1. How many angstrom lie between the C-alpha centres of the range 1-56 and the range 268-296?
2. Taking every pair of Cα atoms in the range 278-319, average 1/r, invert it to obtain the Kirkwood radius, and report Rg/Rh to two decimals.
3. For M101, M1, which order do you get if you count the other beta carbons within 10 Å of each Cβ and list the fewest first?
4. Let me know the shape class of the range 234-320, please: from the alpha-carbon gyration tensor, a ≥ b ≥ c as square roots of the eigenvalues, rounded when a/c is under 1.5, otherwise prolate if a/b is greater than b/c, or oblate.
5. Nearest 0.05, what FRET efficiency do A46 and R6 give at R0 = 25 Å with Cβ-Cβ as r?
6. Which net charge results when you count Lys and Arg as +1 and Asp and Glu as -1 among the other residues whose beta-carbon is under 14 Å from that of V185?
7. In the range 261-332, which chymotrypsin sites (Phe, Trp or Tyr not before Pro) are in a loop and have at most 15 other Cβ atoms within 10 Å, using DSSP for the loop call?
8. Between M184 and R198, with labels modelled 7 Å along Cα→Cβ, what's the label distance in nm to one decimal, could you check?
Amino acid sequence: MSLTSRVLLALVAGIGIGLVLSATDPTAARMAIAVVEPVGTLFVNAIRMTVLPLVFASLVVGIATSSSGSVVARIGGRGIVVFVLLLTASGAVGALVAPPMLSHVSADPAALASVRASAASASAGALSTAAVQTPSEWLVSLVPANAFRAAVDGAMLPLIVFALVLGLALVSIPDSAARERTVMVFRAVSESMLVLVRWLLVVAPIGVFALALPLVARLGLSAVGALATYVALVSIAAIVFIVLVLYPSAAWFGGISLRDFARAAAPAQAVAFSSRSSLAALPALIETARTRLHLPEEITGFFLPLATAVFRVGAALGLTTGAVFIARLYGISISGSQLVTIVATAIITSFSIPGIPGGSIIAMVPVLTAVGLPVEGIGILLGVDTIPDLFRTTANVTGQLAAATIVARGSRASQVASADSTTEP
């Protein structure tokens, strides 16, 4: 049985038993919560243990290894700009759509109070800190005075900024041997954390069960309707983003007809949807870029593999929507500045999402901690992530091909301009 099937069965079992206990025997429900809830807390803590070194090391390696060389000097800058713009659009869609759509998600106030109390030990301090920050304080906090202190405090966004700057600094080191040795250390850390995450995913069904049962036992039937709303929202929003943002962007800025791009993207989309893996769709992306879109070799040979490794436009939408959903589920209000922080953290964190099942949900930890939301909610989202992940991965692959098309047009234009300047008398 696949991991996805086992996680779904664990979620169904947790929901079912929680509903029965909630409806029949409150005393038994309290006893079950007391026994099972610590297991869920251990699972969440184990995930949080891996997130900080994984995100930090992955970002450093990604920047240090993909921001050097003559090819990157020509197209890397354009690619980064395109990545950030599309990710910003994706996060903005999530920020604009999720709050009004999820405002209908509701649960019994007394049950929500119980849920909030169970998460208080993990998030109350961070939430109070995030709630009192002014915009200027938030801006200043992006640059940590002490990176180690930020790590101890779990301040992910400043650490992400530090990782980006450190990666850029490594690129500038004149001693290539020293740079390679340093990158090897961070790569080893990143790969080791991925091994730990894979181990955690093996026991994920136990963790999901232990998180679902107490939540549903407290919230009752309203939890099931809330999860269904979340799944539908993420899936529909991903489809809308593909059709209304990615297709027109590739057509208008990539100089290709909408119909041709849609046809070219279809094979890679089919692989992505069926496999839930951007990496699995890379051969189809390269083939369609060469044979149908006729993109240059520097795009198909370098940019598309780079985009597949680091650019996941569906993640910004999914992370933002997931954070808003968790806030709503736990009865926590999100201010405008916190919503901006969620989008900004989702955009940056999306570059370090591991290429494993459920990777985008695990990467939600920095997004939640950035505004003090309870990370316990990710166990619930992991249990229902199969369907949303199909559509997010399809959006990722479509975004990678759209970015390649846009960058290729800019690269051709710059080459023509350069050729014209060299032929002038």
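1. The two parts, judged by their Cα centres, are 36 Å apart.
2. Working: Rg = 11.2 Å, Rh = 10.8 Å.
When Rh is taken as the Kirkwood radius, the ratio is 1.03.
3. Values: M101 19, M1 7.
Exposure proxy ranking, most exposed first: M1, M101.
4. Details: a/c = 1.61, a/b = 1.22, b/c = 1.33.
Because a/c hits 1.5 or more and a/b fails to exceed b/c, the range 234-320 counts as oblate.
5. Values: r = 17 Å, r/R0 = 0.70.
Computed FRET efficiency for A46 and R6 comes out at 0.90.
6. Numbers: positive: R179, R181, R187; negative: E180, E191.
Combined, the nearby Lys, Arg, Asp and Glu give +1.
7. On the way: sites: F261, F273, F302, F303, F311, F325, Y330; in loops: F311, Y330.
Answer by residue number: there is no such site.
8. Inter-label distance under the simple model: 2.2 nm.
Taken together, the values in this text are just the output of simple stated rules run on the coordinates, not laboratory data. What you are looking at is a predicted structure, and each value in this text was computed from that prediction instead of being measured. Cβ coordinates were reconstructed from backbone atoms using ideal geometry, including for glycine residues, and neighbour counts include every protein chain displayed.
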